[in-house]
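Engineer: One structure, as structure tokens, below. Some questions next.
What follows draws every value from the coordinates through simple rules; no lab data is involved. Keep in mind it's a predicted model, so treat the numbers as computed, not measured. All Cβ positions, even for glycine, are placed from backbone atoms using ideal geometry, and neighbour counts span all protein chains on display.
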Amino acid sequence: MCYKLVLVFFYFMFTFTPLSDEVITWRDNIKLSWKNFKGDPKPSSNAVAVTASGITFEYSVKESQSKIVSFTTTIKAHFYPNKSWYIKERADNHILAHEQLHFDITELHVRKFRKEVAQLKVSPRLKNELRRLHEKINTDLAIMQNLYDTESDNSINKEAQAKWQLFVKKELKALEYYKSKD
């Protein structure tokens, strides 16, 4: 039996991306295509494709007499086309599905984040709680992304890949109330 080594890497953003950078916001009716991967492939990499995605988070608080009285948040899953790339000659639909699932895992964590934020109560510690939740969700996202790549062997293990696809689909469905809507 001959095995072809195919490495697929995931990269996600912890920092703010300049407003001029192109982004694709996660939607359940929009799937990535290879034309969305606009970055230059890295010749020194063993990867066939790299997905750059991450969570953007903004919040604002309303204060009255130096006390927080309310807050709003915006939490989104973004894909960064100019930081994502693939090697055309080695890419196929299976690898694209692997990359899409990385983006879906980012959306899953956006939903988890929104759910946790919805349970917060206004308090003097609110800003710290929001920052802590943001850090925690990014850590959890990184752990899951790495576990996904490890267990699927970067898409080579098709059985594990299929299990991950079912798992993420089920988890997204369970948190559908918190899905990205705009």
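Engineer: Along the charge dipole of the chain, pointing to its positive end and built from +1/-1 on Cβ of Lys, Arg, Asp and Glu, which listed residue (84, 47, 101) has its Cα farthest out?
Structural biologist: My answer, from the dipole projection, is 101.
Engineer: Nearest 0.05, what FRET efficiency do residue 129 and residue 21 give at R0 = 30 Å with Cβ-Cβ as r?
Structural biologist: Values: r = 29 Å, r/R0 = 0.97.
Efficiency computed from Cβ-Cβ geometry: 0.55.
Engineer: Give me the dipole magnitude in Debye, nearest 20, for the chain about the Cα centre, with unit charges on the beta carbon: positive for Lys and Arg, negative for Asp and Glu. Kindly include the intermediate steps, with their values, before the conclusion.
Structural biologist: Numbers: 29 positive and 22 negative charges, 114 e Å.
The calculation lands at about 540 debye.
Engineer: Out of 64, 53, 152, any idea which swings most in a Gaussian network model of the chain, alpha carbons joined below 10 Å?
Structural biologist: Among 64, 53, 152, the largest GNM mean-square fluctuation belongs to 64.
Engineer: Name the residue, out of 74, 106, 51, whose mean-square fluctuation peaks in a Gaussian network model built on the chain with Cα pairs under 10 Å.
Structural biologist: 74
Engineer: Just to be sure I understand, if you calculate P(r) over Cα pairs in 5 Å bins from 0, in percent for this structure, which of (i) 1, 9, 18, 22, 19, 14, 9, 5, 2, 1, 0; (ii) 1, 8, 16, 19, 19, 14, 9, 6, 4, 2, 1, 0, 0, 0, 0; (iii) 1, 7, 13, 15, 13, 8, 5, 5, 6, 7, 7, 6, 4, 2, 0, 0 do you get?
Structural biologist: Given (i) 1, 9, 18, 22, 19, 14, 9, 5, 2, 1, 0; (ii) 1, 8, 16, 19, 19, 14, 9, 6, 4, 2, 1, 0, 0, 0, 0; (iii) 1, 7, 13, 15, 13, 8, 5, 5, 6, 7, 7, 6, 4, 2, 0, 0, the structure-derived one carries the label (ii).
Engineer: Ok, one more. Assign one of three labels to region 133-173, namely rounded, prolate or oblate, based on the Cα gyration tensor with a ≥ b ≥ c the square roots of its eigenvalues; rounded applies when a/c is under 1.5, prolate when it is not and a/b is larger than b/c, and oblate otherwise. Mind dumping the intermediate values first?
Structural biologist: Working: a/c = 4.86, a/b = 1.54, b/c = 3.16.
Oblate is the answer for region 133-173, as a/c is 1.5 or above yet b/c matches or exceeds a/b.
Engineer: Here is a further query. Have a look at 113, 57, 103 and tell me which one the Gaussian network model of the chain (Cα, springs below 10 Å) gives the largest fluctuation.
Structural biologist: Largest GNM mean-square fluctuation: 57.
Engineer: Could you work out how far apart the two model spin labels at residue 31 and residue 159 are, taking each label as a point 7 Å from the Cα in the direction of the beta carbon, and quote it in nm?
Structural biologist: 2.5
Engineer: In debye, nearest 20, what is the charge dipole magnitude of region 94-182 about its Cα centre with +1 on Lys and Arg Cβ and -1 on Asp and Glu Cβ, if you could check?
Structural biologist: Numbers: 17 positive and 14 negative charges, 135 e Å.
Value, rounded to 20: 640 debye.
Engineer: For residue 151 and residue 68, what is the calculated FRET efficiency with R₀ set at 41 Å and r taken between the beta-carbons, to the nearest 0.05? Can you show the working numbers first?
Structural biologist: On the way: r = 42 Å, r/R0 = 1.02.
The pair residue 151/residue 68 has a calculated efficiency of 0.45.
Engineer: Quick check: residue separation of residue 93 and residue 181 times 0.36 nm, minus the Cα distance between them. What number comes out in nm?
Structural biologist: On the way: separation 88, 0.36 × 88 = 31.68 nm, distance 2.66 nm.
So the extension gain works out to 29.0 nm.
Engineer: If you place +1 on the Cβ of every Lys and Arg and -1 on the Cβ of every Asp and Glu, how big does the dipole about the Cα centre of region 47-149 come out, in debye to the nearest 20? List each step's numbers first, then the result.
Structural biologist: On the way: 16 positive and 12 negative charges, 130 e Å.
For this selection, approximately 620 debye.
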